[in-house]
């Protein structure tokens, strides 16, 4: 992966953290627990989005082993979330 792609990934993570922080602060300021939970969910989703973007990049670069591992990580996260909701 090139350094420009890595910089974009860094900006994705920063945007996710800033967005989730803003949502959490808004929820706290308005005394809205549901909005706070939304912000926390956004914070959790940020690194998951990074794994998904990297997986797509690996697939586009025809790095099938790494694309498959990224998919496996996403499947494990999805299974964990599904089991946690049960």
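The values are calculated or read from the model by the stated rules, or taken from the named source; none is laboratory data. Computed from a prediction, not measured in an experiment: that's the story for all the values here. Don't worry about glycine lacking a Cβ; one is built from the backbone with ideal geometry, like all the others, and counts go over all protein chains shown.
General observations
- For the stretch 58-86, residues that are surrounded by 15 or more Cβ atoms within 10 Å (Cβ to Cβ) and within 15 Å of the chain's Cα centre (by Cα) total 4.
- Subset of the stretch 28-57 (residues that are over 20 Å from residue 8 (Cβ atoms) and loosely packed, with under 15 Cβ neighbours inside 10 Å): 28, 29, 30, 31, 32, 33, 34, 37, 40, 41, 44
- Some residue of the stretch 2-11 being at pLDDT below 95, exposed (fewer than 15 other Cβ atoms within 10 Å of the Cβ) and either on the phi > 0 side of the Ramachandran plot or not in a helix (DSSP H, G or I) (or both): yes
- The set of residues in the stretch 12-27 that are modelled with pLDDT under 95 and exposed (fewer than 13 other Cβ atoms within 10 Å of the Cβ) is empty.
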